[in-house]
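The values are calculated or read from the model by the stated rules, or taken from the named source; none is laboratory data. What you see is a predicted model; the values in this text were computed from it and never measured. As a convention, Cβ positions derive from the backbone with ideal geometry for all residues, glycine included, and neighbour counts pool all protein chains shown. All accessible areas refer to the heavy atoms of the entire protein, side chains included, with ligands and DNA or RNA removed. Shrake-Rupley method; radii C 1.70, N 1.55, O 1.52, S 1.80 Å.
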Amino acid sequence: MTDTVMTGTGGFQITPFGGLMSRFEEARKAVEAVAPHPGIKIYPLLHSSPPDGSRPRVREAFVEFAPGSRYPVPDRHDDSPEILVVVDGLMDDKNGTHPPGTLIYGPRGSSHHPGTSGGCIVYAFFPDR
């Protein structure tokens, strides 16, 4: 990743907003996508390792929406808040239309019907998983 900088003793990764598209392109080549609904592909970057041995959950991912795609049922967040950043295109839900650079926070227990008319890429993070 040319626009990701490793710095400091803690190994932090710093990715400027413009570098998120490069990270997505790398993920698309390296990670097998999961397709929960037609026109929607999830590229998992990080999974949780629950201490109780239950099934790992996606903790960090890119989500690619094809033009005209939408979650057909509410996308619920019962186990963790959801933090989204629109990377490319326009994502819409019941809260409006969100352009690139928009940060969206959905608290635990929230839901929405994300989708797009023209296609979009979203970075998703679930901090409590």
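Where in segment 25-48 does the amide nitrogen come within less than 19 Å of the point 7 Å from the Cα of THR102, taken along Cα to Cβ?
It comes to 40-41, nothing else.
Around ILE104, with a cut-off of 12 angstrom between Cβ atoms, what is the net charge of the other residues, counting Lys and Arg +1 and Asp and Glu -1?
Net local charge, ILE104 excluded: -3.
Just the number, please: carbon plus sulfur as a percent of the accessible area of segment 1-108, 1.4 Å probe, no ligands or DNA/RNA counted.
Details: 3730 of 6560 Å².
So the carbon and sulfur contribution to the accessible surface is 57 percent.
With the Cα gyration tensor of segment 13-81 giving a ≥ b ≥ c as the square roots of its eigenvalues, does the rule (a/c under 1.5 for rounded; else a/b larger than b/c for prolate; else oblate) give rounded, prolate or oblate?
Cα axes put segment 13-81 in the oblate bin.
Regarding the chain, what's the average projected area of the Cα-atom convex hull, expressed in nm²?
The orientation-averaged projected area of the Cα hull of the chain comes to 8.6 nm².
In the Gaussian network model of the chain, springs joining C-alpha atoms below 10 Å, which of GLY118, GLY11, GLY109 carries the largest mean-square fluctuation?
GLY11
Which residue fluctuates the most in the chain, going by a Gaussian network model with Cα springs under 10 Å, if the choices are ASP78, ASP52, ASP88?
The residue that fluctuates most here is ASP52.
Any chance you could run the full-extension gain for SER49 through PHE17? It's 0.36 nm times the residue separation minus the Cα-Cα distance, nm to one decimal. Walk me through the intermediate numbers first.
Numbers: separation 32, 0.36 × 32 = 11.52 nm, distance 2.80 nm.
So the extension gain works out to 8.7 nm.
Mind checking the per residue accessible area of the chain for me, 1.4 Å probe, whole number of Å²?
Numbers: 7240 Å² over 129 residues.
The answer is 56 Å² per residue.
Using the Kirkwood formula on the Cα atoms of segment 54-129, what hydrodynamic radius do you get, in angstrom to one decimal?
Across segment 54-129, the inverse of the average 1/r is 12.5 Å.
Rounded to whole Å and sorted largest first, what semi-axes of the equivalent ellipsoid does the C-alpha gyration tensor of segment 64-107 yield via the square root of 5 times each eigenvalue?
17, 14, 9
So how far apart, in nm, are the two label points at ALA35 and ILE83 if each is 7 Å from Cα heading toward Cβ?
The answer from the label model is 3.1 nm.
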